[in-house]
1. Any idea which of (1) surrounded by fewer than 18 Cβ atoms within 10 Å (Cβ to Cβ); (2) closer than 16 Å to V295 by Cα is the one A375 doesn't satisfy?
2. If you go through the range 360-371, how many residues are part of a helix (DSSP H, G or I) and touching a Leu at 6+ places or on another chain (Cβ under 7 Å)?
3. Name the pairs whose Cβ atoms lie under 7 Å apart, with the first residue in the range 122-142 and more than 17 Å from E384 (Cβ to Cβ), the second aromatic (F, W, Y) and open to solvent by 30 Å² or more (accessible area, probe 1.4 Å), and 6 or more positions between them or separate chains?
4. What helices (runs of 4 or more DSSP H), lying completely within the range 203-285, carry at least 1 residues that are open to solvent by less than 60 Å² (accessible area, probe 1.4 Å), modelled with pLDDT under 95 and among the aromatic types (F, W, Y)?
5. Can you give me the number of residues within the range 141-164 that are touching a Pro at 6+ places or on another chain (Cβ under 8 Å) and surrounded by fewer than 20 Cβ atoms within 10 Å (Cβ to Cβ)?
6. If you go through the range 10-28 one residue at a time, do you hit one that is open to solvent by 20 Å² or more (accessible area, probe 1.4 Å), outside any loop (DSSP other than H, G, I, E, B), modelled with pLDDT under 95 and under 25 Å from Q247 (Cβ atoms)?
7. So R399 fits all but one of (1) basic (K, R); (2) over 27 Å from A129 (Cα atoms); (3) in contact with a Gly (Cβ under 9 Å, 6 or more places away or on another chain); (4) open to solvent by 50 Å² or more (accessible area, probe 1.4 Å); what number is the exception?
8. Which residue pairs have Cβ atoms closer than 8 Å, lie 6 or more positions apart in sequence or on different chains, and pair a first residue in the range 404-415 that is closer than 15 Å to F305 by Cβ with a second residue that is in a strand (DSSP E or B) and of a type in the set (A, V, I, L, M)?
Amino acid sequence: MTDPLPMETTAGPPPGCPAHATAVRLSGLEYQQTPSQLYRSLRRDHGPVAPVLLDNDVPAWLVLGYNEVSYVTGHDELFARDSRRWTQWDNIPPDWPLLPYVGYQPSVLFVEGAEHQRRAGVISQALDAVDQMELSAMCRAIGHSLITSFAGSGHAELMTAYAHPLPMRAIVQLCGMPPGGVDTEDLVRDLRLSLDANEGEDPVAAYGRVQARIEQLVKEKRAAPGNDVTSRMLLHPAGLTDEAAVQDVITVIAAAQQPTANWIGNSLRLLLTDDRFATTVAGGKLSVGQALNEVLWLDTPTQNFIGRWAVRDIQLGGRQIKAGDCLVMSFAAANTDPQMWPEGHVGAENSAHLSFSNGEHRCTFPGPQLGDVIARTAVETLLETLPDVVLAVEAEALRWRPSIWMRGLLDLPVSFSPLLG
């Protein structure tokens, strides 16, 4: 790899630099409940590529346009995933909250070219061996177990009691971890912290604990492989090292848990608040599928993804991007780009959204299909078991997590007729 070209140094940032005076901070609370306002204002003021400031006022570009996000994610030779290209590393403190996202790890997320194809192929084959009917049955059993814990009370907070634990229990079982163990629940908590920490929480330390637990899992499966995703990855002819396997198992678990949990929660919110679904929510599986797909367009669980790094100087969306600049992909903004939907109506009936990204580094096949199985089974199981479930608060009172990265509810309180026995 050649060294990236240096950033220009002038008395003040040039208009093409993301550190320009008009850059908008993404780390504040102003837009975190209604990020669509942020995307509209940035698109109005800057076009499809906007200068922004990350935590600690670190400059970056936010790519808002559907065509621009598609172009960046489809051209790895121009916008690469290896974050060591970044020209801002001298300005990044060791406790920077976004380090779990951008700190280089030798994982499938950051490797490129033939190595990425090799690693992605291992994951794809390991996931492709998962029987989707068995996965659905597993999720249904997990769902019933979770519902049993609160069904007799007539009320529940579904994000904590259902939407988050269900996909985590499913994915850790697929990866060969024992269900219900204390260390499994600790892993659930630490994954949430590393991906979406609240103020005062330490995502870097949480990620360290996640890595230590997966290192133990890989060691166990290397010694005694089983019928699970981790074992299949270790036994693959590509011959992953333990270090590579640890990083890629973390990627698989993280990609499956937090986004799928928010996909479940956001879909339940839509089904319980939108009159279009009210007459069919208890019976029509089609309406559940429509809700799941509409959420990927309008409330995609991964709003913004950091990132890509420019391999060389290049024009994008009317901006001069310098080699080594960081680009943040705004999947949420791209999915609602008025250039795609000029009349303001998002076509939720199709699946051309960018919620699973695009190009070589998109979510590894068959990951999206397995995520759909988990989310769809979770939603259907809840609605079939608690057919009269309703929100326990006004829809306007629901609170979103204070995050510009993930789109998910803080809580989803509901009430229903108690189930006896």
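1. With (1) surrounded by fewer than 18 Cβ atoms within 10 Å (Cβ to Cβ); (2) closer than 16 Å to V295 by Cα applied to A375, the lone miss is (1).
2. As a first pass, look at the range 360-371 and keep what is part of a helix (DSSP H, G or I): 367-371.
Restricting the remaining residues to those that are touching a Leu at 6+ places or on another chain (Cβ under 7 Å) gives 367, 370.
Number satisfying all stated conditions: 2.
3. Within 7 Å, the pairs are S124/F365.
4. 203-223, 275-278
5. Total meeting the criteria: 6.
6. So far as the range 10-28 goes, no, none of its residues is open to solvent by 20 Å² or more (accessible area, probe 1.4 Å), outside any loop (DSSP other than H, G, I, E, B), modelled with pLDDT under 95 and under 25 Å from Q247 (Cβ atoms).
7. Tallying (1) basic (K, R); (2) over 27 Å from A129 (Cα atoms); (3) in contact with a Gly (Cβ under 9 Å, 6 or more places away or on another chain); (4) open to solvent by 50 Å² or more (accessible area, probe 1.4 Å), R399 fails exactly one: (3).
8. Between residues of the range 404-415 that are closer than 15 Å to F305 by Cβ and residues that are in a strand (DSSP E or B) and of a type in the set (A, V, I, L, M), the close pairs are W405/I306.
The values are calculated or read from the model by the stated rules, or taken from the named source; none is laboratory data. As the structure is a prediction and not an experimental result, all values here were calculated from the model. Methodologically, a virtual Cβ is constructed for each residue, glycine included, from the backbone with ideal geometry; neighbour enumeration extends over all protein chains shown. Accessible surface areas use protein heavy atoms only, side chains included; no ligands, DNA or RNA. Shrake-Rupley method; radii C 1.70, N 1.55, O 1.52, S 1.80 Å.
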